[in-house]
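Worksheet for the structure shown next.
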Amino acid sequence: MTLTGKVSNTKSKLQDIKKEIRRRIRRLSIGRVEVYYCLEWGYLIVACAVQKDSVAWITVPPLDMATAEVSARELGAKIREGLQKSKKAGFVDRKDVEDFKFWQMTGIKGIDGFKSFSKRFQCVEVARYGKVVRVEKMRRDSYGAYVSSKDEMCCMELSAGFSDDAMGQAVLGLLDV
């Protein structure tokens, strides 16, 4: 007996759905935090979650802040809390966080608000992948978005059992503080 076009097409669609579900589950197991730094404002620690009906990352409230004089241990503790918050968030509906524009807390508003924000703030991304935590300094592109720098000197990995002090030192080492 041979498969007709309808049956093989359905089988292919089911395989695609399975792949998408597996990919989304893997995204849920990743905790992600973005740390923004500016001498004037200090540190903004923003937890991220996966957008429902998408694989895009979005920031979720509340925003955690620390002064520029914070110790490495305290900064690392805040990042650990952000990673836990990120993992607990699960999938987030975009309309639930649509009004959360964390950069507006710095007084920067308007249509090009984030672009103006990124001119003043450095960004380090912290992502937990299973037993490894990747800390990477992001660079600003010409549109004002933060993108991976592709420079090995701007990236490091820690074991998942990292101490707060080690995490804080890693982030501080990547920032121009």
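Remarks
- Figure legend. Inter-residue proximity from the range 55-67: first residues closer than 13 Å to S86 by Cβ, second residues outside any strand (DSSP E or B) and modelled with pLDDT of 85 or more, beta-carbon distance below 6 Å, spacing 6+ or different chains. Indicated pairs: D64/K78.
- S54 vs. criteria in contact with an Asp or Glu (Cβ under 9 Å, 6 or more places away or on another chain), hydroxyl-bearing (S, T, Y) and surrounded by fewer than 16 Cβ atoms within 10 Å (Cβ to Cβ): no
- Whichever residue in the range 117-164 is of a type in the set (G, A, S) and surrounded by 16 or more Cβ atoms within 10 Å (Cβ to Cβ) and, among such residues, is nearest to the chain's Cα centre (by Cα): A127
- The range 33-61: number of residues that are part of a strand (DSSP E or B) and at pLDDT below 80: 1
- The helices (runs of 4 or more DSSP H) found wholly in the range 78-177 and carrying at least 2 residues that are of a type outside the set (D, E, K, R) occupy 113-120, 164-174.
- Only residues that are touching a helix residue (DSSP H, G or I) at 6+ places or on another chain (Cβ under 6 Å), over 18 Å from V50 (Cβ atoms) and either in contact (Cβ under 8 Å) with a residue 60 or more places away in the chain or small (G, A, S) (or both) were counted in the range 122-150, giving 2.
- Applying the criterion of being over 13 Å from V50 (Cβ atoms) and of a type in the set (F, W, Y) to the residues of the range 89-109, the residue that is modelled with the lowest pLDDT is F100.
- Residue identified as out of contact with any Ser or Thr (no Cβ under 7 Å at 6 or more places or on another chain), crowded, with 18+ Cβ neighbours inside 10 Å and within 27 Å of D176 (Cβ to Cβ) among L39, L44: L44
- Checklist (1) more than 20 Å from V135 (Cβ to Cβ); (2) modelled with pLDDT under 90 applied to I30, failing item: (1)
The values are calculated or read from the model by the stated rules, or taken from the named source; none is laboratory data. Because the structure is predicted, anything quoted here is derived from the model rather than measured. Glycine gets a Cβ as well: all are built from the backbone with ideal geometry, and neighbour counts include every protein chain shown.
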